[in-house]
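This report refers to the structure that appears directly beneath it.
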Amino acid sequence: MSKDTEFKNLNYWLEKSIVEKHIKYYEYLDFNHIKLIGEGSYGNVNLVKWRSTRLFALKSFNNNKQSLKEVIKELRLHRSVDDHENIIRLFGITKNGK
């Protein structure tokens, strides 16, 4: 499978999961950045406020195939262990317009 095809398939899986409501989608503009709380090889973690009311840790990823693979791996894991007491709950996903 070519790299472009694999990237498209990963994107398709993600979009399909959102459309079928397996993963909740949040509008990026509903988040207000508060501060950077962590950095890693795949992206950053920021403390944000959603609709000026609730605090979240917003994990962002670089836009490349390897990062997308890691995002999907993590999303699949969260779906399989939803509501486990030792796992931080995944609320959903968003995309910034950049």
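The values are calculated or read from the model by the stated rules, or taken from the named source; none is laboratory data. Here the structure is a predicted model, which means the values were calculated and not measured. Here Cβ is always computed from backbone atoms with ideal geometry, including for glycine, and neighbour counts include all displayed protein chains.
Some values worked out for this structure:
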quantity	calculated
Those residues of the range 22-52 which are under 23 Å from Lys65 (Cα atoms), β-branched (Val, Ile, Thr) and either assigned to a strand (DSSP E or B) or modelled with pLDDT of 90 or more (or both), in sequence order	Val45
Qualifying residues in the range 57-86 (those that are touching a Leu at 6+ places or on another chain (Cβ under 8 Å) and among the β-branched types (Val, Ile, Thr)) - the one farthest from Tyr28 (Cα to Cα)	Ile72
Every residue from the range 22-65 that is of a type in the set (Ser, Thr, Tyr), more than 13 Å from Lys95 (Cβ to Cβ) and surrounded by 12 or more Cβ atoms within 10 Å (Cβ to Cβ)	Tyr42
Subset of the range 69-82 that is modelled with pLDDT of 85 or more and touching a helix residue (DSSP H, G or I) at 6+ places or on another chain (Cβ under 9 Å) - its residue that is nearest to Lys21 (Cα to Cα)	Ile72
Count of the range 10-21 residues which are surrounded by fewer than 12 Cβ atoms within 10 Å (Cβ to Cβ), part of a helix (DSSP H, G or I) and either of a type outside the set (Phe, Trp, Tyr) or in contact (Cβ under 8 Å) with a residue 24 or more places away in the chain (or both)	2
Condition met for Glu74 (of a type in the set (Asp, Glu), free of Cβ contacts under 8 Å to residues at least 60 places away in the same chain and not in a loop (DSSP other than H, G, I, E, B))	yes
Filtered residues of the range 46-76 (kept if among the hydroxyl-bearing types (Ser, Thr, Tyr) and in contact with a strand residue (DSSP E or B) (Cβ under 9 Å, 6 or more places away or on another chain))	Ser52, Ser60, Ser67
